[in-house]
Each structure stands twice: as C-alpha cells, then as structure tokens.
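The values are calculated or read from the model by the stated rules, or taken from the named source; none is laboratory data. Note that the coordinates shown come from a computational prediction; the quantities given were computed from them, not determined experimentally. We place every Cβ from the backbone using ideal geometry, glycine too, and count neighbours over all the protein chains shown. The accessibility values were calculated without ligands, DNA or RNA, using every heavy atom of the protein model including side chains. Shrake-Rupley method; radii C 1.70, N 1.55, O 1.52, S 1.80 Å.
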Amino acid sequence: MSELKLSLDELRQLMREFSASGLTSMTLKDGEFVLKLGAEKASAPVYMVPPAAGVAAPAAVPAPAPAAAESAAPALPEGKVVKAPIVGTFYAAAAPDKPPYVTVGSEVKEGDVLFIIESMKLMNEVTSEYSGKVEKILVENGQAVEYGQPIMVIG
C-alpha cells in the first residue's frame, strides 16, 4: 500500500488552488487515505480529513438539559435576518479607508452588496436576498463570525 505524504504547506497550497479553481468538489484517495474538498455558494471550501488510523475518537460530551439550552439560546431578531454564509471575518467596507457598504437606515435592494466575509485570505462579497431598510447590524467590523450567525436585519 502506498502512503500519501503531503507537508502542511503542500496541503494548504492544494486547498488554496482548489478554492481558486471554481470546482465544487474534489476527492483525493491513496490507499486508506481520503481527502475530500467541497465548496458551497461563494466558493466557500469545506474541508474534511478523516482521523489517522489508530487515533481514538474524542469522547462524547453529554448534551445540556433542554431547559438550559432554551434559556441560553439568544432570541432571533425580528425582520429579515441576513446570516453569515461562511465562517470568517466580517468587514463592513471594501477597505479600511472606504465607507461601509451599508449602515443602519440604508435602503437596499435584492442583489446589493451588504458586507464582506474574509475566509482563508479570500474576500467574499455577501449580497442581499431582500429589499428594504437596514434596521440593525449585529456584529462589529473585524469580528469573527460563524456559519449561519445573524449579521444584520432588514425590514
């Protein structure tokens, strides 16, 4: 059985090239080693690498009690919520010396650029799925955001 040997730098270069290629999925197999790369909208790569043979899986963590989970969950804002389509860093403007794409009170149309999320050194413009007025911006410029995290509310 052959063994695929990639350095961390080579693996990072492979991921960068995959991300820039426009491909939506790729699988690299060598014996038991499998590397799958996938991308959703906005060329957001998803990386899954199985654990090496002989590595124990992490122990299961018990789920919190339902009452605790309900009280800890923040209430979703009212209106049309724009959520982060990928994990990354939120930027309100195209550059530090440029004005923000939108501010509270801005009127937006479907397709207008709202903000940028930087992920793996790629700047991803996020456009509006809604028309209306920006009522709230829920994150700060330069803040890390998670997939599906509410970013702003459009009324």
- Would you tally the residues in the stretch 114-141 being open to solvent by less than 40 Å² (accessible area, probe 1.4 Å) and within 19 Å of ILE86 (Cβ to Cβ)? 9
- Item | Residues (open to solvent by less than 50 Å² (accessible area, probe 1.4 Å) and either assigned to a loop (DSSP other than H, G, I, E, B) or not hydrophobic (A, V, I, L, M, F, W, C) (or both)) located in the stretch 93-111 | ALA93, ALA95, VAL102, GLY105, SER106, GLY111
- Out of all the residues in the stretch 92-116, which are under 13 Å from MET152 (Cβ atoms) and not aliphatic (A, V, I, L, M)? PRO100, TYR101, THR103, GLY105, SER106, ASP112, PHE115
- Item | Matching option when the condition is part of a loop (DSSP other than H, G, I, E, B) and either over 19 Å from SER19 (Cα atoms) or in contact with a strand residue (DSSP E or B) (Cβ under 6 Å, 6 or more places away or on another chain) (or both), among VAL139, VAL126 | VAL139
- Taking the stated definitions as given, is ILE86 outside any strand (DSSP E or B), within 13 Å of the chain's Cα centre (by Cα), buried (at least 19 other Cβ atoms within 10 Å of the Cβ) and not charged (D, E, K, R)? yes
- With (1) open to solvent by less than 60 Å² (accessible area, probe 1.4 Å); (2) modelled with pLDDT under 75 as the list, and VAL49 as the residue in question, which single condition is left unmet? (1)
